[in-house]
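See structure below.
The values are calculated or read from the model by the stated rules, or taken from the named source; none is laboratory data. Quantities reported herein were computed from a predicted structural model and do not represent experimental measurements. In this analysis, Cβ positions are derived from the backbone assuming ideal geometry, glycine residues included, and neighbour counts consider all displayed protein chains. When the accessible area is computed, the model is the full protein with side chains, heavy atoms only, and any ligands, DNA or RNA have been set aside. Shrake-Rupley method; radii C 1.70, N 1.55, O 1.52, S 1.80 Å.
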Amino acid sequence: MELTDFRNHPRTRVEDVPDGLIAAVGANGEGKTNLLEGIAFLFFLVSPRASSTEPLVRREAEAAYLRGEIETAGGRVLVEVEIPGHGANKVQVNRSPVRRKRDLRRQVRAAFFGPEDLDVVRGDPSQRRRFMDEAVTSLWPLKESVLTAYDRTLRQRNRLLKEWEGRGAPKELEAWDSELVENGSALVRHRADAVARLSPGAQEEFAGLSGTGLACEYRPSVWGEDLEEAFRIRLAERRNDELTRRTSLVGPHRDDLELAVRDLGARAFASHGEAWAAALCLRLGLASAIQAEVGEPPVLLLDDPFSALDPRRGGQVADRLAGRGQVVVTVADEAHVPSKAEAVWDVSAGAVTVRGGG
């Protein structure tokens, strides 16, 4: 695995990454999270932390380069990425150009947890919709087209409503209604399936960690035995409201994921530690669902997962992670390095030194 001019890493190279639990340890600001982000980019072809690639390129460098060889049940997969300061990334998989993220994601699987995941529990519904959509594309990379089709339809329909001059309903609205129903119903079904698959694992992890239950239920804005018909009925019911507010009020962009701890809404009533544990367990539940789907565990990348947990619960999480395939965790404190780590990477000033595990 190699990172060149990525964030604060001028050149980082780690040979023979072992299976099992790996701890990257270093003080804040030394580059351990950047290291994890670079590994994640090799799987996702996007950063889990930044919306653009510009900040990923080390200052004064023209481009960043990532390279990693990933062992899968189907064989080794070599991923090479060039990230320019501006413009499109160049990606090669096994020396052949790749232009679509899903073409890589079908071959290699990973799950990423970071402190930002607390927003899935504490934040507004858009954060939970984003998580559900990430679950869909993680489980079924080819379903990314369903998300893009719905987003495109929603944007076009909203533009039509916004530009409407206020005399009768826009004549093109009926056609966009049909697309919204078709694409929205497909997305609702995929979200429901994804949540159904990840929830049992998330609940099991949370119960083992806290001894209490975690409720995790999909709350679509439209549902019914005949989903398309229910969608059309709901659109008709909200037609006047949509014309008044000049925006689409029905569809999966209004969905939510209901999370509760001890039968109380997690967003409002969970403690910080409970909310953190719930966010972590959602990602672990997704990892379990991916394993069930593809027949092998995804690589787990966890940024500072123990920081909001007490020592006992942190130790419990570490023990459970040790049996989940290849797992890379970052920790800022030497005391948080798991005793079952197969290897420890010391990270300092954008450089990595490998030492033996505990």
- Yes or no: Trp276 open to solvent by less than 10 Å² (accessible area, probe 1.4 Å) and aromatic (Phe, Trp, Tyr)? no
- Flag if Leu147 is in contact (Cβ under 8 Å) with a residue 40 or more places away in the chain, open to solvent by less than 10 Å² (accessible area, probe 1.4 Å) and under 21 Å from Leu286 (Cα atoms): no
- What residue, among those in the range 173-188 that are touching a residue at least 60 places away in the same chain (Cβ under 8 Å) and out of contact with any Ser or Thr (no Cβ under 6 Å at 6 or more places or on another chain), is surrounded by the most Cβ atoms within 10 Å (Cβ to Cβ)? Gly184
- Could you please find all residues in the range 100-122 being over 11 Å from Phe44 (Cα atoms) and either surrounded by fewer than 16 Cβ atoms within 10 Å (Cβ to Cβ) or in contact with a His (Cβ under 6 Å, 6 or more places away or on another chain) (or both)? Pro115, Glu116
- Task: Give the residue, chosen from Val331, Val299, that is touching a residue at least 60 places away in the same chain (Cβ under 8 Å) and open to solvent by less than 10 Å² (accessible area, probe 1.4 Å).
- Result: Val331
- Task: Output the strands (runs of 3 or more DSSP E) that fall wholly within the range 27-133 and possess 3 or more residues being of a type outside the set (A, V, I, L, M) and in contact (Cβ under 8 Å) with a residue 12 or more places away in the chain, or say none.
- Result: 63-72, 75-84
- Message: Which residue is surrounded by the fewest Cβ atoms within 10 Å (Cβ to Cβ), if the candidates are limited to the range 247-267 and must be part of a loop (DSSP other than H, G, I, E, B) and either modelled with pLDDT of 95 or more or of a type in the set (A, V, I, L, M, F, W, C) (or both)?
- Response: Thr247
- Message: Please count how many residues of the range 1-18 are open to solvent by 40 Å² or more (accessible area, probe 1.4 Å), in a strand (DSSP E or B) and either more than 18 Å from Glu30 (Cβ to Cβ) or touching a Phe, Trp or Tyr at 6+ places or on another chain (Cβ under 6 Å) (or both).
- Response: 0
- Item | Unique match (being surrounded by 13 or more Cβ atoms within 10 Å (Cβ to Cβ), within 23 Å of the chain's Cα centre (by Cα) and under 14 Å from Asn89 (Cα atoms)) among Leu21, Leu66, Leu36 | Leu66
- Query: Taking Gly85 and the conditions (1) under 26 Å from Val354 (Cβ atoms); (2) open to solvent by less than 50 Å² (accessible area, probe 1.4 Å), which numbered condition does it fall short on, given that it satisfies the others?
  - Reply: (1)
- Task: May I ask you to list the residues in the range 183-232 that are of a type in the set (Phe, Trp, Tyr) and either touching a Pro at 6+ places or on another chain (Cβ under 8 Å) or within 26 Å of Glu274 (Cβ to Cβ) (or both)?
- Result: Phe206, Tyr218
- Message: Take Gly285 and tell me if it is open to solvent by 20 Å² or more (accessible area, probe 1.4 Å) and either within 19 Å of Pro115 (Cα to Cα) or at pLDDT 95 or above (or both).
- Response: no
- Item | Only listed residue being of a type outside the set (Gly, Ala, Ser), surrounded by fewer than 19 Cβ atoms within 10 Å (Cβ to Cβ) and in contact with an Asp or Glu (Cβ under 6 Å, 6 or more places away or on another chain), chosen from Pro97, Pro170, Pro125 | Pro125
- How many residues are crowded, with 19+ Cβ neighbours inside 10 Å, in contact with a Phe, Trp or Tyr (Cβ under 9 Å, 6 or more places away or on another chain) and either of a type in the set (Gly, Ala, Ser) or part of a loop (DSSP other than H, G, I, E, B) (or both) when one looks only at the range 206-223? 1
- Which of (1) over 21 Å from Arg157 (Cα atoms); (2) at pLDDT below 95 is the odd one out, the single condition Leu243 does not satisfy? (1)
- Message: Criterion first (out of contact with any strand residue (DSSP E or B) (no Cβ under 9 Å at 6 or more places or on another chain), β-branched (Val, Ile, Thr), within 27 Å of Ile290 (Cα to Cα) and surrounded by 15 or more Cβ atoms within 10 Å (Cβ to Cβ)) does Thr137 satisfy it?
- Response: yes
